[in-house]
Structures are given as C-alpha cells and as structure tokens.
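The structure appears right after this line, and notes come after that.
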Amino acid sequence: MAFRQALNMATNKKAIRSVVYKGYAAIADSFVSPALEFWYNPELPKWEYNIRAAREHLAKAGFEWDREGRLLYPAGKAETLK
C-alpha cells in the first residue's frame, strides 16, 4: 500500500492533464474518475504531488535505494510483495 501511495504522490497529475490532455481532463484520486459521480468516493485521501514526501513515505515503509538510485524492496519482504 505504501508503494501505491508514494507512486500517487510522485505522479504530477496536473502536468499530465495539461500536456497530454490539453487541460481537458478531470484529475482522478483513484482509478475511478470524479467524472463518474455514481462510483466515485470523494472521501478518499488526496495525495498532492511531492517527490520528497513520496521518498519519505517509502523510507518509513522500509524501502531503500541502492547506490545507483534504484528502489529496493524492504528487507525480508520481497516474497510478500510478489
């Protein structure tokens, strides 16, 4: 769960909307867009774009980085994440 939350924080949704969709898109906080009002849950947590917070979130969950900057699974948990 921490990985998905951090990925959400590390994704610049406003830039994607602006560049890819030329501003004609609704930013979704989940895989269900706010445009789909019946299924959308407005009470879901909102994750703002913040790379530093995403890295801190991963670090708190036990993730680490190698010398090349690649993300490593938390020690001893690789099998449970597959």
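Any read-out appearing in this document is the output of simple, stated calculations on the displayed coordinates, not a laboratory observation. Everything numeric in this text was worked out from a predicted model, so none of it was measured.
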statement: Tilt, helix 51-60 to longest principal axis of the chain (alpha-carbon atoms), in degrees rounded to tens, equals 50
query: Given the chain, what count of lysine pairs have C-alpha atoms under 25 Å apart, with each pair 8 or more places apart or on different chains?
result: 9
- line: The computed P(r) of the chain puts the percent of Cα pairs beyond 19 Å at 50
